[in-house]
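Working notes for the structure below.
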Amino acid sequence: MLRRFYSTGLRRTPLYESHVKYNAKFVPYAGFEMPILYKNQSHIESHNWVRSKVGLFDVSHMLQHNFEGPDAAALLQKITPIDLASLQPYTSSLTVLLNENGGIIDDTIVTKHNDEKYYVVTNAGCRDKDLAFIKEEAKAFGNVDHSTWEGTLLAIQGPKAQEILQKYTSESLKDLYFGNSKYLKLNSFVNDSVHLARTGYTGEDGFEMSIKAGNEAEAEQSRQFFESLIEEHPDVVAPIGLAARDSLRLEAGMCLYGNELTEDITPIEASLAWLIPKSRREPATATFNGASKILEQLNNKGLVTRRRIGVTSKGPAPRGGAKIYHDGNEVGYISSGSLSPTLGLNVAQSYLDKTVKIGSTVQLDIRGKKRDGVVTKLPFVPNNFYKG
């Protein structure tokens, strides 16, 4: 049996022993004991490593799902605004789970394998509520088999990700573009094929690899592969923890559930209107939860007075919840912020009154002192996704 628990009740991923080997510092995160940093590498060094080389992130705490059956697409198109008919097999899309009021229960990636089979990844911190929500919604759909599993989910991120991963397979990765996936055979490390998606949460090129780890032998295979990447390429590949993952996604303008996204925020309010494709904006096709409110916001832009936008500053970094002022009036708040190692200044995402334009100077309430910031478009650092 895998050793998943210890005395505090926190779970451990299949790669836990490897993290210990590489001297990880652990923190509790979403019910798991997760690496935040590794010895001899600071947060800034870890962050910059991913921007220039290859970082390995253990994201096995994320929950992996399969939806199969004749009604699988109908269920997914009820709980998300995605248009599955427009997706080709083995392509994916970011989308959101929606409540009846159009609020965001979670953000998720849906991958279409065929018209009756879908692979979905949801956030670890939303595990219990997501499962309860899906179970309740599925009651109206008879022919759906929904299952979840534990396994190794490894993110291989950085500009040299393809170069490194190509060394471990005879199958070409050049035609696997951002948003595409495939089953891949790895040379000698994993007996079965792995599910490989060209995606990530850093803004850099990279992959997310799902490896079976249902028993100790499979978990050991995934650890061997993880360690071989590091030990065979020590000048290029390094394990990276949660601290850099957060600052990388923030620079890339990506949302973190619980900060930028909540059940009280609709996709339109979150500046994610692009998640509702044109094919699902008509009354006949807008069958997803909260559609009436979301369509109303799309068609009447005056209903949404704030939008998600960037803010840059110097000095102490603004943190989530910090109030924003403009011309003496409170106009919004910071949803998340930190120092940007790439830019050398603070970057933050915010919810800000639409009347405050990009380029405007605002004041951020940081520990009771107002400091200047500048409203900035997202992302702060251009994304480097591989699109051929």
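The values are calculated or read from the model by the stated rules, or taken from the named source; none is laboratory data. Please read these numbers as outputs of a predicted model, since none were measured by experiment. Here Cβ is always computed from backbone atoms with ideal geometry, including for glycine, and neighbour counts include all displayed protein chains. Just the protein is used for accessible areas: all its heavy atoms, side chains included, with ligands, DNA and RNA removed. Shrake-Rupley method; radii C 1.70, N 1.55, O 1.52, S 1.80 Å.
Per-structure values
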item: Breaking point among (1) in contact with a helix residue (DSSP H, G or I) (Cβ under 7 Å, 6 or more places away or on another chain); (2) under 22 Å from Ser210 (Cα atoms); (3) open to solvent by 10 Å² or more (accessible area, probe 1.4 Å), for Asn101; result: (2)
item: Among (1) in contact with a Lys or Arg (Cβ under 9 Å, 6 or more places away or on another chain); (2) at pLDDT 95 or above - the single one Ala244 does not satisfy; result: (1)
item: Near pairs, Cβ below 6 angstrom, 6+ apart or cross-chain, from the stretch 17-30 (touching a residue at least 24 places away in the same chain (Cβ under 8 Å) and aromatic (Phe, Trp, Tyr)) to any residue that is surrounded by 14 or more Cβ atoms within 10 Å (Cβ to Cβ) and in a strand (DSSP E or B); result: Tyr22/Tyr38; Tyr22/Pro239
item: Glu68 vs. criteria surrounded by 15 or more Cβ atoms within 10 Å (Cβ to Cβ), over 22 Å from the mean Cα position of the chain (by Cα) and among the charged types (D, E, K, R); result: yes
item: Verdict on Asp128 being assigned by the TED database to the domain that holds Leu87, open to solvent by 70 Å² or more (accessible area, probe 1.4 Å) and on the phi < 0 side of the Ramachandran plot; result: yes
item: The stretch 190-207 - residue that is closer than 19 Å to Lys160 by Cβ and among the hydrophobic types (A, V, I, L, M, F, W, C) and, of those, surrounded by the fewest Cβ atoms within 10 Å (Cβ to Cβ); result: Phe207
item: Residue within the stretch 185-195 that is under 22 Å from the mean Cα position of the chain (by Cα) and among the aromatic types (Phe, Trp, Tyr) present; result: no
item: Failed item, numbered, when Pro159 is tested on (1) without any contact (Cβ under 8 Å) to a residue 60 or more places away in the chain; (2) open to solvent by 10 Å² or more (accessible area, probe 1.4 Å); (3) in contact with a strand residue (DSSP E or B) (Cβ under 9 Å, 6 or more places away or on another chain); result: (1)
item: Cβ pairs under 6 Å, 6+ apart, first in the stretch 195-214 and more than 19 Å from Lys185 (Cβ to Cβ), second modelled with pLDDT of 95 or more and in a strand (DSSP E or B); result: Thr199/Glu208; Gly200/Ala155; Gly200/Gln157; Gly200/Gly206; Thr202/Gln157; Glu204/Gln157; Gly206/Ile156; Gly206/Gln157
item: Hey, Ala252 within 30 Å of Gly55 (Cα to Cα), small (Gly, Ala, Ser) and either touching a Gly at 6+ places or on another chain (Cβ under 8 Å) or open to solvent by less than 50 Å² (accessible area, probe 1.4 Å) (or both) or not; result: yes
item: Among residues of the stretch 364-378, those that are part of a loop (DSSP other than H, G, I, E, B) and in contact with a strand residue (DSSP E or B) (Cβ under 7 Å, 6 or more places away or on another chain), counted; result: 2
item: Entirely in the stretch 65-183, the strands (runs of 3 or more DSSP E) that have 1 or more residues that are modelled with pLDDT under 95; result: 145-149, 151-157
item: Number of positions in the stretch 258-311 that are farther than 13 Å from Leu98 by Cα, exposed (fewer than 14 other Cβ atoms within 10 Å of the Cβ) and within 22 Å of the chain's Cα centre (by Cα); result: 1
item: Unmet requirement for Ile82, which otherwise passes all of (1) in contact (Cβ under 8 Å) with a residue 60 or more places away in the chain; (2) open to solvent by 30 Å² or more (accessible area, probe 1.4 Å); result: (2)
item: Residues of the stretch 327-357 satisfying the condition of being on the phi < 0 side of the Ramachandran plot and open to solvent by 40 Å² or more (accessible area, probe 1.4 Å); result: Asn329, Glu330, Tyr333, Leu339, Thr342, Leu343, Leu345, Asp353, Lys354, Thr355, Lys357
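Residues are listed down the side, and each one gets a yes or a no for (1) among the polar types (S, T, N, Q); (2) outside any loop (DSSP other than H, G, I, E, B):
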site: Pro316; (1), (2): no, no
site: Tyr325; (1), (2): no, yes
site: Ser336; (1), (2): yes, yes
site: Val347; (1), (2): no, yes
site: Val362; (1), (2): no, yes
site: Phe380; (1), (2): no, no
